[in-house]
Amino acid sequence: MREKLRQIPSVSSVLSDTRISELMTEFSAEAVTDLIREQLSHIRSTVDSESEIPTILEISNQVSDHVKRNWSHWPRTVINATGVVIHTNLGRAPLSTESMEAAVDSSKTYSDLELELGSGKRGSRQARISQLLSSLTGAEAGFVVNNNAAAIMLGLSALALGKEVIVSRSEAVEIGGGFRIPDVLKQSGAILTEVGTTNRTYVMDYERELNEDTGVILSIHSSNFKIIGFTATPSISDLSNLGTSKGIPVLHDVGSGSLLDTTKYGLAPEPRPQESIAAGADLCFFSGDKLLGGPQAGIVIGRKSYIEKLSNHPLARAFRIDKMNLAALTTTLIHYLKEEAQNKIPVWQMISAELDDLRTRAHNISTKIPSSDLYSAKVIGTKSTIGGGSLPGETMDSFGIQLTVKNPENFALKIRTATSPVVPRIEDDAVIFDLRTVLQSDDDTLIASIAYSLQN
Ligand SMILES: *Cc1c(COP(=O)(O)O)cnc(C)c1O
């Protein structure tokens, strides 16, 4: 053992390797040296009498691989060929070109984020977005934080601290990524009161629970699951009538916050924020990066008096949205005011893509995949989904490429780790590239990555 340990190269011997000197011209010499030390100490702690001790060359290769893999831009862009439009693992909604440019512009220099240029006095980063949200939804005011989970937490903390929050038993759910309504309620200092049953809840169930300790009525859209069959849920307008008559605010979490009518695209209806407000919700909550198609954000719209309570709460500062997101969100909302959302916002471009165009693109791509005895590519009809906890069970007809290879998992690994990574899905033992979620401008890159992964 002692002999083995003695064979481990010294830090200075690894430092003298040319590969390491090259790294040191690009990166901090101190950080590279630390990395070598870590690598050597890892070898020392795992060595046993059977171990092959790596050479200086091998160690410098490991260090250099680590640097190339980890000390580079991240997250890497990938081509989403899964057919899932809002894929949380792939960063949810891609931004429109204009929204992306707005985020870049806002970040590369100073801005009037919190300064009124006219008076030279301090301004609010929320004023502009509040007006835009009002114009779009008819709500009195709006307020934006980092994400919808934070928005709901803020809403409950500001309006229901130490009070009861009435929730239907069918809505005390887990939304995903560990966001559980009962836990959020507990954290916000509110007390959960469940009413009704798992499948049926009526207005009278809420009414029976109202008392002097009631803080708010909370309704949560079942975005990522569906209860079918013998079910009943009161409408927001019924809940709002009850709330108004008893002076209790009604909070409505619509989840995705589609401003467009999903039924126009052959999909099931998704509750729209403007409908929630029209039905009388006092506050309506939704995400910026789901069907709205903007950056990560949590948006609250509704009555001015309640919005003010939220904005004055200490958590509002903790959940404050940053200027890049705010700039991108502003531009995204303006797309809706210009009635150009379908043509400019990627998630709506994808949802509204014409089947004929998808088929043509699939055909073009398949003809460019060199054929072989080892694999075959063909155009297939397939089904895309919305994802991101929106419209569960809903699919859209689509077209894609079906690639039959000997080992689909192995091929998927290769193409995910290619120079231009592609994330496909595997179905019936074949690799599927669904073109609905591939930006048309990426078709050539997709072809190149497929060809590369077939050859290597
Ligand atoms: C997605 C979702 C959330 C969480 O939104 P984030 O913006 O991801 O924090 C909350 N409620 C519902 C109903 C959702 O669908």
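All conditions but one from (1) touching a residue at least 60 places away in the same chain (Cβ under 8 Å); (2) over 30 Å from residue 393 (Cβ atoms); (3) out of contact with any Lys or Arg (no Cβ under 8 Å at 6 or more places or on another chain) apply to residue 55; the one that does not is (1). Taking the range 87-185 and the helices (runs of 4 or more DSSP H) fully enclosed by it, the elements with 2 or more residues that are more than 19 Å from the chain's Cα centre (by Cα) and within 15 Å of the ligand (Cβ to nearest atom) are at 148-160. The residues of the range 17-58 that are over 23 Å from residue 70 (Cβ atoms) and among the polar types (S, T, N, Q), listed by number, are 49, 51. The helices (runs of 4 or more DSSP H) located wholly in the range 338-387 that include 1 or more residues which are touching a helix residue (DSSP H, G or I) at 6+ places or on another chain (Cβ under 9 Å) and loosely packed, with under 14 Cβ neighbours inside 10 Å occupy 341-344, 355-367.
Considering only residues in the range 265-303 that are of a type in the set (Lys, Arg) and in contact with a helix residue (DSSP H, G or I) (Cβ under 9 Å, 6 or more places away or on another chain), the one that is surrounded by the fewest Cβ atoms within 10 Å (Cβ to Cβ) turns out to be 272. For the range 282-301, a tally of residues being in a strand (DSSP E or B) and more than 16 Å from the ligand (Cβ to nearest atom) returns 0. Pairs are defined by a Cβ separation below 8 Å, a sequence spacing of at least 6 or placement on different chains, a first member in the range 215-233 that is at positive phi, and a second member that is more than 14 Å from the ligand (Cβ to nearest atom); the pairs so defined are 229/199. Looking at the range 220-231 only, could you name the residues that are among the hydrophobic types (A, V, I, L, M, F, W, C) and at pLDDT 85 or above? Within the range 220-231, just 220 meets the criteria. Within the range 1-30, residues that are under 21 Å from residue 47 (Cβ atoms) and not assigned by TED's automatic domain parsing to the domain that holds residue 66 have Cβ atoms under 7 Å from residues that are among the hydrophobic types (A, V, I, L, M, F, W, C) and modelled with pLDDT of 95 or more in no pair, counting only partners at least 6 apart in sequence or on another chain. Pairs are defined by a Cβ separation below 7 Å, a sequence spacing of at least 6 or placement on different chains, a first member in the range 149-170 that is over 15 Å from residue 281 (Cβ atoms), and a second member that is part of a loop (DSSP other than H, G, I, E, B) and at pLDDT 95 or above; the pairs so defined are 150/319; 154/313; 154/319; 157/313; 158/313; 163/213; 164/213.
Yes/no per residue for (1) within 16 Å of the ligand (Cβ to nearest atom); (2) closer than 27 Å to residue 258 by Cβ; (3) of a type outside the set (Val, Ile, Thr):
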residue	(1), (2), (3)
307	no, yes, no
318	yes, no, yes
323	no, yes, yes
352	no, yes, yes
370	no, no, yes
381	no, yes, yes
388	yes, yes, yes
392	yes, yes, yes
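Rundown of residues vs (1) surrounded by 13 or more Cβ atoms within 10 Å (Cβ to Cβ); (2) touching a strand residue (DSSP E or B) at 6+ places or on another chain (Cβ under 7 Å); (3) modelled with pLDDT under 95, yes/no style:
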residue: 218; (1), (2), (3): yes, yes, no
residue: 235; (1), (2), (3): no, no, yes
residue: 238; (1), (2), (3): yes, no, no
residue: 241; (1), (2), (3): yes, no, no
residue: 248; (1), (2), (3): yes, yes, no
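Take the residues in the range 218-234 that are away from the ligand (no atom under 16 Å from the Cβ) and in contact with a helix residue (DSSP H, G or I) (Cβ under 9 Å, 6 or more places away or on another chain), then tell me which one is nearest to residue 160 (Cα to Cα). In this case the residue turns out to be 234.
Please find, within the range 74-115, the residue that is surrounded by the most Cβ atoms within 10 Å (Cβ to Cβ) out of those that are on the phi > 0 side of the Ramachandran plot and small (Gly, Ala, Ser).
Kept after step one, since they are on the phi > 0 side of the Ramachandran plot, are these residues of the range 74-115: 83, 91-92.
Next cut, small (Gly, Ala, Ser) only: 83, 91.
Working: 83: 26, 91: 15.
Of everything passing the filter in the range 74-115, 83 is surrounded by the most Cβ atoms within 10 Å (Cβ to Cβ).
Applying a threshold of 8 Å to beta carbon distances and a minimum spacing of six or more residues, or different chains, the list of pairs starting in the range 332-348 at a residue that is at positive phi and ending at one that is part of a helix (DSSP H, G or I) and buried (at least 19 other Cβ atoms within 10 Å of the Cβ) is empty.
Inspect the range 101-121 for any residue being within 30 Å of residue 400 (Cα to Cα) and among the basic types (Lys, Arg) and give the result as yes or no. No: zero hits.
Note on the range 158-170: among residues that are surrounded by fewer than 20 Cβ atoms within 10 Å (Cβ to Cβ) and not basic (Lys, Arg), the one that is nearest to residue 220 (Cα to Cα) is 161.
Yes/no per residue for (1) over 24 Å from residue 265 (Cβ atoms); (2) buried (at least 19 other Cβ atoms within 10 Å of the Cβ); (3) modelled with pLDDT of 95 or more; (4) in the same structural domain as residue 223 (by TED's automatic domain parsing):
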site	(1), (2), (3), (4)
395	no, no, no, no
400	no, yes, yes, no
407	yes, no, yes, no
415	yes, yes, yes, no
420	yes, no, yes, no
430	yes, yes, yes, no
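The values are calculated or read from the model by the stated rules, or taken from the named source; none is laboratory data. Since we're looking at a predicted model, the values are computed, not measured. So basically every Cβ, Gly included, is an ideal-geometry build from the backbone, and we count neighbours across all protein chains shown.
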